[in-house]
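Engineer: I'd like to ask some things about the structure below.
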Amino acid sequence: MGAQEDVALVRRGYEAFSAGDMDALRELFTEDAVWHTGGTGGLSGQKKGVGEILAYFGELFSRSQGTLKLTLDDVAAGDRYTIGVQSGHAERHGKSLDQRTVIVFTISGGKVSEALEMAEDTAQASDFWS
């Protein structure tokens, strides 16, 4: 796959995530994909395998009572990585979180095999989601 296809894959992922379409998301990851979430909060760390990754996504929706909204601000592909820059908003326990996040995707064979998620303010994000 080339850069254009990788960008299209990431865009499809954001569309599926925003729609809550876990079946479509499942198709975009390799079975052994790994998702790394920065910080020290309850949702930080590695999620290994598509099942754990989708459970993490579900937990984001659950903890925010469905208020989580992501907007893909930009996406760019290079030789090794495809980078997504997103703006997000969520509400939880009377607090709100508005941050940009960068996700570095590794795409292999037309599917995401690894993702590294880095929030604008990792401490604030960790506190919010814990």
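Engineer: Report, ordered by chain and residue number, the aspartates and glutamates lying within cross-link reach of K111, taken as a straight Cα distance under 17 Å and ignoring same-chain residues fewer than 8 apart.
Structural biologist: Within the straight-line cut-off, K111 pairs with E5, D6, E15, D21, D23, E27, E31, D32, E52, D79.
Engineer: Could you go through region 65-80 in sequence order and give the Karplus-derived ³J(HN,Hα) for each residue, using 6.51 cos²θ - 1.76 cosθ + 1.60 with θ = phi - 60°, rounded to whole Hz, and x for Gly and Pro?
Structural biologist: Working through the residues one at a time gives 6, x, 7, 5, 10, 10, 10, 6, 7, 6, 8, 9, 10, x, 5, 10 Hz.
Engineer: Using 0.36 nm per residue, how much length does the chain from T40 to D127 gain when fully extended, once their Cα-Cα distance is taken away?
Structural biologist: 30.5 nm
Engineer: Tell me the Kirkwood hydrodynamic radius of region 13-57 in angstroms, computed as one over the mean inverse distance between distinct C-alpha pairs.
Structural biologist: Result for region 13-57, one decimal place: 10.9 Å.
Engineer: Any idea what the relative contact order of the chain is, in percent, if you count C-alpha pairs under 8 Å spaced at least 6 apart? Mind showing how you got there, number by number?
Structural biologist: Details: 252 pairs, mean separation 36.6, N = 130.
That works out to 28 percent.
Engineer: Here's a follow-up. If you put +1 on each Lys and Arg Cβ and -1 on each Asp and Glu Cβ, how big is the dipole of the chain around its Cα centre, in Debye rounded to 20?
Structural biologist: Using Cβ point charges on Lys, Arg, Asp and Glu, the chain gives about 220 debye.
Engineer: Ok, one more. Starting from the amide H of A33, placed 1.01 Å from N in the peptide plane, find each other amide H under 5 Å away whose residue is 5 or more places distant or on another chain.
Structural biologist: G49, V50
Engineer: What percent antiparallel are the DSSP beta bridges of the chain, to the nearest 5?
Structural biologist: Expressed as a percentage, antiparallel bridges in the chain total about 85.
Engineer: What list of ³J(HN,Hα) values in whole Hz, one per residue of region 81-89 in order, does the Karplus curve 6.51 cos²θ - 1.76 cosθ + 1.60 (θ = phi - 60°) give from phi, with Gly and Pro shown as x?
Structural biologist: Karplus-based 3J(HN,Hα) across region 81-89 equals 9, 10, 10, x, 10, 10, 10, x, 9 Hz.
Engineer: Each residue of region 24-35 in turn: what ³J(HN,Hα) in whole Hz from Karplus with 6.51, -1.76, 1.60 and θ = phi - 60°, glycine and Pro shown as x?
Structural biologist: Whole-Hz 3J(HN,Hα) from phi for region 24-35: 5, 4, 3, 6, 8, 10, 6, 4, 9, 4, 10, 10.
Engineer: For the chain, treating each Cα as an identical point scatterer without solvent, what Debye log10 I(q)/I(0) comes out at q = 0.10, 0.14, 0.17 1/Å?
Structural biologist: Each listed q maps to, in turn, -0.28, -0.57, -0.86.
Engineer: Give the lysines reachable from K95 as a straight Cα distance under 24 Å; neighbours fewer than 8 places away on the same chain don't count.
Structural biologist: Answer for K95, where 24 Å is the Cα cut-off: K69, listed by chain and number.
Engineer: Moving to a separate point now. Can you tell me which of 98-111, 67-80 comes out highest on packing, and rank the rest after it, using the mean Cβ neighbours within 10 Å?
Structural biologist: 98-111, 67-80
Bear in mind that the values in this text are calculations on the coordinates, not laboratory data. For clarity, every value in this text was computed on a predicted model and none was experimentally measured. FYI the Cβ positions are ideal-geometry reconstructions off the backbone, even for glycines, and counts take in every protein chain you see.
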